[in-house]
């Protein structure tokens, strides 16, 4: 019986393929951040319309088929759209607030405020 032997793939010969893929993902994420006007993959405090208290977590893009992009904070079970965001404040050391009106970015004059 002749069994077909699949050749072994050289997984550990080089990290260049993974590095290139990782760079492409980072570039795609930066392009999406510019397009949407929100910082993805970083810890933020978000104030949403119709909620009294802000939510804190890592902002993620929900992959789906809807036309309007849907977002989610890590740890939360609900999703929201860009239109529901009142403001976003980065919590990763870059003291930056992003307003929902025209998605303007403003740097705070003093860090930590």
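The values are calculated or read from the model by the stated rules, or taken from the named source; none is laboratory data. All of these numbers come straight from a predicted model, not from anything done at the bench. Virtual Cβ from ideal backbone geometry, glycine too; neighbours counted across all protein chains shown.
Is it the case that residue 48 is in contact with a helix residue (DSSP H, G or I) (Cβ under 6 Å, 6 or more places away or on another chain) and at pLDDT 80 or above? Criteria met by residue 48.
Quick check on residue 75: is it modelled with pLDDT of 80 or more, touching a helix residue (DSSP H, G or I) at 6+ places or on another chain (Cβ under 7 Å) and at positive phi? No; evaluated as a whole, the condition is false for this residue.
Determine whether the range 23-32 contains at least one residue that is at pLDDT below 80, surrounded by fewer than 11 Cβ atoms within 10 Å (Cβ to Cβ) and more than 10 Å from the chain's Cα centre (by Cα). The answer is no; no qualifying residue exists. The set of residues in the range 65-83 being surrounded by 12 or more Cβ atoms within 10 Å (Cβ to Cβ) and either in a strand (DSSP E or B) or without any contact (Cβ under 8 Å) to a residue 40 or more places away in the chain (or both) consists of 69, 70, 71, 72, 73, 76, 79, 80, 81. Just give me the residues in the range 48-64 being without any contact (Cβ under 8 Å) to a residue 24 or more places away in the chain, more than 14 Å from residue 88 (Cα to Cα) and assigned to a strand (DSSP E or B), in sequence order. Answer for the range 48-64, where residues must be without any contact (Cβ under 8 Å) to a residue 24 or more places away in the chain, more than 14 Å from residue 88 (Cα to Cα) and assigned to a strand (DSSP E or B): just 62.
For the range 22-45, the tally of residues that are in contact with a helix residue (DSSP H, G or I) (Cβ under 9 Å, 6 or more places away or on another chain) and either within 17 Å of residue 92 (Cβ to Cβ) or not in a helix (DSSP H, G or I) (or both) stands at 5.
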